[in-house]
Amino acid sequence: MISKFLQSPQWLSLHGLIVVIGLLIYVLITHSLCQRRSSTAAVSWVLTIALIPYIGLPLFLLFGTRKLDRSGKRVISTTLAADLHTDEAWPRKLAASMGQPSVVSYQNLSIHSDGKQALQSLWKLIDGAKQELVLCTFILARDAVGHSLMARLIAKAREGVKIRLLIDGVGHMMGGAINLHKLKAAGAQIALYAPILHVPFKSSTNLRNHRKMVVADEVRLWCGGRNFASEYFEGEHKHKPWKDLTFDLEGPLAAQARELFEHDWAFATGSHPTKRSQIVQIARGPYAQVIASGPDQVDDTVHDLLVTACFKARARITAVSPYFVPTDALLMALLLAARRDVMVDLILPIHSNHRMADFARHRALRELAAAGGRVWLVPYMLHAKAVVIDDSVALSGTVNLDSRSLLLNYELMVAFYAVADIQHFAGVIEKHREAAKRYQVRKPGLLRDLSEGLVLWLAFQL
């Protein structure tokens, strides 16, 4: 009976109507919500809805939203006009045009490429807080590091320090859903960012907060790629620790990071964010700025900075990332940089913690190597995220070089402009390169090539 109905003209007409309605919903949502997408992502969604509308349309409604800031307006930040007319000022000028805050000063930068140093720095910052601690993380694990962090926060809360902890809803589950009741009872405020069971249409299930920072008393910042879990620091039991990259510093830059936290906290709790001051005085000394990326930004800020950097670079582009599944635009920009004799070095782990990303990356790696780029693979799990462009800028923070991180997640990078600190980040990356082996290109067979394309289509275009 069912098979006869499925073969009938009535069913074909109904099926065609559903496909048309699904495509109309896609067009209306994309246009009305200003959801800019790459051509590959757009074609992927259209084909999925057209070929399998009963699966494709629900997936689009759950995962299709990419931008929540639909105003289309940028709050142009103010900075010293003379400072933007130098040849090396292009990152600051571009960031200003995308509404990012002005450059500010910082002091006492310390880069942690070692997990023990990073953990000691984190404990020192928390233990030294006198009035306020704000923490944002993707994962807070139910392990030794997670429990130690909770114990310290509980002690500080009982001392009267105001504590706010923001955890991504999905990341909280991935970390084992550590018990937060004792911390709440001590007086801390806790919020989950877009939990799985959240108010419909307040946010998309696919948009996760991947930002990681700790700010103490608005003057000290701890930031980078490390989640609050043992593998990111010293490991646990027989498991070796991952190699990662975080840093801490002092000064007005910490207050700038706290402003971003306020914005995220307001969204997660439904409160009103505090207004950001329009002009920030720049003190003498090194300077930097927080670059926020994600659905709350009109532009794809970090992605656009990286694409521009590839065209601006004169001598070198050095990048480290756990994953490499770039957008078509970023890959093309890297290829063109390599072809005009810019030294493009990309450092990745031989095997990351995401096997699908490892499988999908080879298509881009083959193209980059063929263009003259140098790809290096380290024999350990490398979770660091940093990019150095000449002596113009060093970007370090939470952004991976994959489409999800660049286009979907809430992320942050700090752009450093002091030459000494840019070289310091380059030196940290160079140590990983020295431990790596050069990527060997192997021509894929037809089945492998088709499989890579299928994975890229289904898994990395949502």
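We did not get these values from a lab; they are worked out from the coordinates using the rules stated. Source: prediction; values computed, not measured. Here the Cβ positions follow ideal geometry from the backbone for every residue, glycine too, while neighbour counts run over all protein chains shown.
So here's what we get for this one:
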quantity	calculated
Vicinal HN-Hα couplings computed from phi for the stretch 313-327 (Karplus, 6.51 cos²θ - 1.76 cosθ + 1.60; Hz; Gly/Pro x)	4, 10, 10, 8, 10, 10, 9, 10, 7, x, 9, 9, 10, x, 5
Peptides ranked, highest mean first, by Cβ atoms within 10 Å: ranges 397-410, 348-361, 240-253	397-410, 240-253, 348-361
Per-peptide average of other Cβ atoms within 10 Å, ordering 23-29, 296-302, 105-111 highest first	296-302, 105-111, 23-29
Under 5 Å, built H, 5+ apart or other chain: amide partners of Gly397	Lys385, Val414
Gap separating the Cα centres of the stretch 142-180 and the stretch 315-357, nearest whole Å	34
Aspartates and glutamates whose Cα lies under 13 Å from that of Lys240, excluding same-chain neighbours fewer than 8 positions away	Asp114, Glu231
Inter-label distance for Ala266 and His351, nm, one decimal - labels placed 7 Å from Cα along Cα-to-Cβ	4.6
Too-long pairs where the Cα-Cα distance tops 26 Å, listed order kept, from Lys156/Lys385; Lys124/Lys385; Lys162/Lys243	Lys156/Lys385; Lys162/Lys243
Hz values of 3J(HN,Hα) by residue in the stretch 416-430 - Karplus curve (6.51, -1.76, 1.60), Gly and Pro given as x	9, 10, 6, 4, 4, 6, 4, 5, 5, 4, 4, x, 4, 5, 4
Net charge of neighbours whose Cβ lies under 9 Å from the Cβ of Ile126, counting Lys and Arg as +1 and Asp and Glu as -1	+2
